[in-house]
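Here the structure comes first, spelled out in structure tokens, and everything after it is commentary.
The values are calculated or read from the model by the stated rules, or taken from the named source; none is laboratory data. Computed from a predicted model, the values in this text were never measured in an experiment. All Cβ positions, even for glycine, are placed from backbone atoms using ideal geometry, and neighbour counts span all protein chains on display.
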């Protein structure tokens, strides 16, 4: 029951009990599991197992947390904490998450400090098992590994049957943080990365394979791109000779990559075609709207001279310039996307020209969306400024909403296209 507390947000309670009864740190439950067995399966309890967006990162770093004080203590919050909790809805959840992370790290340090007092036989036979090292490495919990190496440096050479050394496990499971931790020990990392398994697979061969434990919701195109980047980074760590080393099946690392990712590459081609068709529709609509807006300008034209009534207005200049930019960029987007839908797609991979055209088309489309929104805001403020003096403030604020949404939707697509270029050489 004591160890089961770790599965709930009660790590601070567990730490309090261990401080009173240190002997509990090394006991096991009915299943033979100790505290580290449970912690190594809970990556969300550690900082390395969580990813936050930039605004949340700021609040996470500055959240005041005192582990010695209870969460309900009125003196633990501070004035700034109370203000942020009032204005920022997720402040409490971020603070609680940080408390859990710090408690888990402190608990891990305490358990290893207790283990260091044991004799060698007790330690290796009953305390640190292969499951703990494997789970922490495959889950990317660098805090457990870092603390483990501080107390027991020799464990960096741990070899797990049927899995390999730590760096091989990290490479197979795409754990970049573990690789970065091992890279802090350059000599050891260089020796580990040269390891070859029983099938004559180098670490590059392991990086070229599809990750079997991948639970990512990313599309096939982005997954192939990330895998290709991962292979390239591992090849930088590896000896250049390993690029031409063949495994028992007679294949190099890049040949393994092409074979295992071929279905994903084909799915990525379909993704490119679908995105191109959708972007072409949006670009056509923008071109039509901006062309019509340039002919029928806001406020109309002077009946005698035929020039726009707001011609000398500063906001009219903003409107007409933004409208022209939107029109030309939407046309440029169409010109880049049209050839893609007609060109054949190579069955062996994603063509470089196809990827570049789609990338440019998305960039032009994003600029066109921004310019169209600015033109609309300028036109609306010209028509309403006499009655609503602060209309420009409200209109500009509202204009940021679609811009933010459009950027958040298009940016991942641009990332996919940028990374797709890196695999063109493979296929």
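Let's see how each residue does on (1) over 25 Å from residue 244 (Cβ atoms); (2) surrounded by fewer than 16 Cβ atoms within 10 Å (Cβ to Cβ); (3) at pLDDT below 90; (4) in the same structural domain as residue 241 (by TED's automatic domain parsing):
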| position | (1), (2), (3), (4) |
| --- | --- |
| 136 | yes, no, no, no |
| 142 | yes, no, no, no |
| 168 | no, no, no, yes |
| 199 | no, yes, yes, yes |
| 202 | no, no, no, yes |
Could you list, ordered by first residue, the pairs with Cβ atoms under 7 Å in which the first is in the range 215-244 and farther than 21 Å from residue 267 by Cβ and assigned by TED's automatic domain parsing to the domain that holds residue 174 and the second is surrounded by fewer than 18 Cβ atoms within 10 Å (Cβ to Cβ) and at pLDDT 65 or above, at least 6 apart or interchain? 235/243; 239/194
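Being under 28 Å from the mean Cα position of the chain (by Cα), assigned to a helix (DSSP H, G or I) and surrounded by 15 or more Cβ atoms within 10 Å (Cβ to Cβ): is that true of residue 320 here?
Details: under 28 Å from the mean Cα position of the chain (by Cα): no; assigned to a helix (DSSP H, G or I): yes; surrounded by 15 or more Cβ atoms within 10 Å (Cβ to Cβ): yes.
In short, no.
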For residue 187, work out the one condition from (1) touching a helix residue (DSSP H, G or I) at 6+ places or on another chain (Cβ under 7 Å); (2) outside the structural domain of residue 40 (by TED's automatic domain parsing); (3) modelled with pLDDT under 90 it doesn't fulfil. (1)
Would you call residue 269 crowded, with 18+ Cβ neighbours inside 10 Å and in a loop (DSSP other than H, G, I, E, B)? no
Given the conditions (1) at pLDDT 80 or above; (2) within 27 Å of residue 232 (Cβ to Cβ), which single one is not true for residue 353? (1)
What do you reckon, is residue 289 touching a strand residue (DSSP E or B) at 6+ places or on another chain (Cβ under 9 Å), more than 26 Å from residue 266 (Cβ to Cβ), modelled with pLDDT of 85 or more and crowded, with 16+ Cβ neighbours inside 10 Å? no
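Okay, residues lined up against (1) exposed (fewer than 12 other Cβ atoms within 10 Å of the Cβ); (2) in contact with a strand residue (DSSP E or B) (Cβ under 8 Å, 6 or more places away or on another chain); (3) modelled with pLDDT under 75; (4) closer than 26 Å to residue 92 by Cβ:
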| residue | (1), (2), (3), (4) |
| --- | --- |
| 5 | no, no, yes, yes |
| 9 | no, no, yes, yes |
| 26 | no, no, yes, no |
| 34 | no, no, no, no |
| 37 | no, no, no, no |
| 60 | no, no, yes, yes |
| 65 | no, no, yes, yes |
Name the one entry in 163, 176 that is modelled with pLDDT under 90 and within 23 Å of the chain's Cα centre (by Cα). 176
